[in-house]
Amino acid sequence: MTELRRVVIVGGGIAGWTVATSLRDGGYDGEIVLVEREPACYDRPPLSKTALIDDAPLDALAFADPVATAGLRLDVRCGRSAVRLDAPQRAVVLDDGTRLAADAVVLSTGGRAREGTFPGAQLPGVLTLRTYADVVAARALRGRTIAVVGGGLIGAEAAAAFRLAGSPVVLIDPNAVPGSRVFGPTMAAHLHGMHVANGVDVRTDTVAAVTEDRGRLRVTLTHGAPVTVDGVLVGTGIRLDTALAADGGVEVSDGIVVDADGRTSVPGIFAAGDVTRRRMPVGLAASRGHWDAARRDGLAVAAAILGRPAEPAGADWFWSDRYGHHVEVVGDMSASGAEIVRPGQHPTVFRIDGGMLRAAASVDDPMSVRAARRLIERGVAVEADLLADPAIPLRSLLQKTASAVSPS
Ligand SMILES: Cc1cc2nc3c(=O)[nH]c(=O)nc-3n(C[C@H](O)[C@H](O)[C@H](O)COP(=O)(O)OP(=O)(O)OC[C@H]3O[C@@H](n4cnc5c(N)ncnc54)[C@H](O)[C@@H]3O)c2cc1C
């Protein structure tokens, strides 16, 4: 570790920021240069939640203020893009011509919002939501009629935020139940039902075209009647920012290919966060696209640079907020096996396979997800009947397990 003098990190989202701060926390004393093309290093989840509803300034979303950044001795270069990676030399060239040679380079470049593929997707008023500038543009539509294209995580949250801001909302998605892959079919259906309950005009359809219509936008659908709106928000996923890596000769396959510690195909070049795909015993995992996964990638990369073992990875976890409800998921709700539903005001849904808990999803019940996480991570056997019974606290399943295995 002591021979490392400089680490260069490209991308100041949660993954890159976590690498930088974890290196310092881990005692790394050398130079840390963090290059970020946006005006600040900030957090993205609030963009489709509070920051869309209120007028939070960029500073409020930033990971740290200038004093804290200086305290961490981070050389943060905001408003600068890395335009070339010289991988064999472990060097990055910035858009002002600066060449930054380093002992380790971290690519945490994330992705950009996928734009609509329909005619009219480039019209003013057709927006996406990935950056602070995007949220500023979207705020102008609060209270006005909006079509949200895509009922996935960001589309669903944006639809809820616009409803809260008084907008009539039309939500368009080709799937009758969007989000089944991440939430499982039962929870996805429950969550999708919240849109109708909150007055959203839900259309199972696709956008054929958007055209200007006397100062407004006319959205023509493939099957149903057209809608006229003041703005269109496209939430159909992201395109990963892999160009820097690919052009620099780093292995890319719909994402920068990494091992569990974030090592790429080129020694000394690491990658973390949304932009990565992890090499598995068979094939490559999908890019996970969640905040906590990106953060944990950052921890693993910092540990690898410091030459230390990474923390155990644990089960994947993410959250989503909509209509005043807080949803959490732990594990993989699309894993093999069956769904077990614990009824309640909101269902808690489990995925079990071979008597083992693989995943759980809950609404306004983070404690259940926390207990489920422990059950998953400890690999304890579960009984479907007990999971389905709302009278049985999940924590008690852990206690039973603990007493079953404990010699006392
Ligand atoms: C609106 C929204 C809401 C979300 N809500 C949730 C949620 O509720 N729960 C959840 O778990 N996840 C949520 N996510 C996902 C989560 O925010 C992402 O998984 C996380 O931001 C990924 O972090 P990252 O650092 O890998 O990538 P990013 O956040 O994309 O950061 C990458 C950074 O790299 C910079 N960059 C790229 N290329 C260059 C270059 N060449 N030079 C300089 N800088 C560069 C970009 O400007 C960007 O700031 C949400 C995402 C969005 C957009």
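Selection of segment 321-350 for residues being within 22 Å of the chain's Cα centre (by Cα), more than 27 Å from A158 (Cβ to Cβ) and modelled with pLDDT of 95 or more yields only F350.
Of G255, G354, G268, G307, which residue is free of Cβ contacts under 8 Å to residues at least 60 places away in the same chain and over 20 Å from the mean Cα position of the chain (by Cα)? Explain how you work it out, then say what you get.
On the way: G255 fails: over 20 Å from the mean Cα position of the chain (by Cα); G268 fails: free of Cβ contacts under 8 Å to residues at least 60 places away in the same chain; G307 fails: free of Cβ contacts under 8 Å to residues at least 60 places away in the same chain.
Exactly one of G255, G354, G268, G307 is free of Cβ contacts under 8 Å to residues at least 60 places away in the same chain and over 20 Å from the mean Cα position of the chain (by Cα), namely G354.
Please verify whether A310 is assigned to a loop (DSSP other than H, G, I, E, B), out of contact with any Lys or Arg (no Cβ under 8 Å at 6 or more places or on another chain) and open to solvent by less than 60 Å² (accessible area, probe 1.4 Å), treating the condition exactly as stated. For A310, the condition - assigned to a loop (DSSP other than H, G, I, E, B), out of contact with any Lys or Arg (no Cβ under 8 Å at 6 or more places or on another chain) and open to solvent by less than 60 Å² (accessible area, probe 1.4 Å) - is met.
Would segment 275-284 turn up any residue that is open to solvent by less than 30 Å² (accessible area, probe 1.4 Å) and modelled with pLDDT of 95 or more? Yes, segment 275-284 has at least one match.
Determine whether segment 377-399 contains at least one residue that is closer than 30 Å to T21 by Cα and out of contact with any Asp or Glu (no Cβ under 7 Å at 6 or more places or on another chain). The answer is yes, given that some residue of segment 377-399 is closer than 30 Å to T21 by Cα and out of contact with any Asp or Glu (no Cβ under 7 Å at 6 or more places or on another chain).
Against the list (1) in a strand (DSSP E or B); (2) within 16 Å of the ligand (Cβ to nearest atom); (3) not assigned by TED's automatic domain parsing to the domain that holds V19, the condition A315 fails is (1). For the subset of segment 109-144 comprising residues that are among the β-branched types (V, I, T) and under 18 Å from T206 (Cα atoms), which member is farthest from the ligand (Cβ to nearest atom)? Here the answer is T117.
Here is a yes/no grid of residues against (1) in contact (Cβ under 8 Å) with a residue 12 or more places away in the chain; (2) part of a strand (DSSP E or B); (3) in the same structural domain as T50 (by TED's automatic domain parsing); (4) hydrophobic (A, V, I, L, M, F, W, C):
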residue: R144; (1), (2), (3), (4): yes, no, no, no
residue: E157; (1), (2), (3), (4): yes, no, no, no
residue: A160; (1), (2), (3), (4): yes, no, no, yes
residue: L171; (1), (2), (3), (4): yes, yes, no, yes
residue: E212; (1), (2), (3), (4): yes, yes, no, no
residue: L217; (1), (2), (3), (4): yes, yes, no, yes
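The values are calculated or read from the model by the stated rules, or taken from the named source; none is laboratory data. From a predicted model like this one, the values you see are computed outputs, not experimental measurements. Here Cβ is always computed from backbone atoms with ideal geometry, including for glycine, and neighbour counts include all displayed protein chains. Remember, those area values only see protein heavy atoms, side chains included, never the ligands or the DNA or RNA. Shrake-Rupley method; radii C 1.70, N 1.55, O 1.52, S 1.80 Å.
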